[in-house]
1. For PHE47, only one of the following conditions fails: (1) farther than 29 Å from VAL222 by Cα; (2) not in a strand (DSSP E or B). What is its number?
2. Quick one: CYS124 ticks every box in (1) modelled with pLDDT of 95 or more; (2) hydrophobic (A, V, I, L, M, F, W, C); (3) touching a helix residue (DSSP H, G or I) at 6+ places or on another chain (Cβ under 8 Å) bar one, so which box is it?
3. Give me the pairs, please: first residue somewhere in the stretch 171-189 and in a helix (DSSP H, G or I), second residue anywhere and surrounded by 14 or more Cβ atoms within 10 Å (Cβ to Cβ), beta-carbon distance under 6 Å, and either six or more positions apart or on two chains.
4. Take the stretch 84-119 and flag every residue that is under 24 Å from ALA34 (Cα atoms) and among the hydroxyl-bearing types (Ser, Thr, Tyr).
5. Would you point out the residue of the stretch 182-224, among those that are modelled with pLDDT under 90 and charged (D, E, K, R), that is surrounded by the fewest Cβ atoms within 10 Å (Cβ to Cβ)?
6. Starting from the stretch 115-128, take each residue that is buried (at least 20 other Cβ atoms within 10 Å of the Cβ) and list its partners that are among the hydroxyl-bearing types (Ser, Thr, Tyr) and assigned to a helix (DSSP H, G or I), counting only C-beta distances under 8 angstrom and pairs at least six apart or across chains.
7. Within the stretch 88-113, can you find the residues that are assigned to a strand (DSSP E or B) and surrounded by fewer than 16 Cβ atoms within 10 Å (Cβ to Cβ)?
Amino acid sequence: MDQDFFAEYAVIEDTHWWFRGRREIFHRILDPLARARGSLRILDIGFGTGAMLTFLSRYGAVTGMDTSAEAIRFARTRSDRPMLLGDVTSIPLRDGAMDLVTAFDIVEHVDDEAGALAELARVCRPGGHLLVTVPAFQFLWGNQDVISHHRRRYTRAALGARVAAAGFRIRTLTYFNALLFPIVAAVRVARRLRGGAPPDEVPQSDFTMTKPGLVNDALTRVFAAEGRLVTRWRLPVGVSLLCLAERAG
């Protein structure tokens, strides 16, 4: 893949409200975990341009893994964290090597989701944790799913069942991006009712809809505010799902 694409996506990861707000939510989830256990051995699956490796390094020693050699080459210009080339269904690490395994919007790309989650459990030590996010609700299927090559979207019950079947105990399982859910749902359903884009039109990423500026900053604050909610309550709806789970002994 062209390195110019990674450079463009890196700017989006650094500035777009969705990524910025999501990192604040992850901080609310991970900070108590790190305070309780100290420095963590962390594996981040599918690290993109490397922004998450930098973010996660505040909680311990981070190793990234990606299927793309091009992504690794680019991420090494932004992060000095160790990076592995590998697949989520066959991770090149020993059993129980990690205290925390993160997979942010990864599982929905994988045909063998059960195999992927079992492999995440294998490399997570007993008593260690998994933090995973996936897109929610199949009726929200849209351009972003097509562009991102998603296989599916999830309900809370479906994700919880799959994570538990892999050998984890659920600690937090909630929808998030809930405050903006009505707007996102309305836009995506309206697009579907209009019949979607013409066959010869290239689908546009949702990330192109908001540029850096006042609106982007306001949306960041709205989204980030959910960090206080997801640590206390299980939100009933949202554009995405978040699951924190503990590896059974």
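1. (1) is the only condition that PHE47 fails.
2. (3)
3. Within 6 Å, the pairs are PHE181/VAL237; PHE181/GLY238; PHE181/VAL239; VAL184/VAL239; ARG188/LEU140; ARG188/GLY142.
4. Scanning the stretch 84-119 gives a single hit, THR102.
5. Looking at the filtered set, the residue picked out is ASP200.
6. Pairs found: none.
7. First pass over the stretch 88-113, keeping only residues assigned to a strand (DSSP E or B): 90, 98-104.
Result: SER90, single match.
The values are calculated or read from the model by the stated rules, or taken from the named source; none is laboratory data. Nothing here was measured: the structure is a model prediction, and the numbers come from that model. Note that each Cβ is placed from the backbone with ideal geometry, even for glycine, and that neighbours are counted across all protein chains shown.
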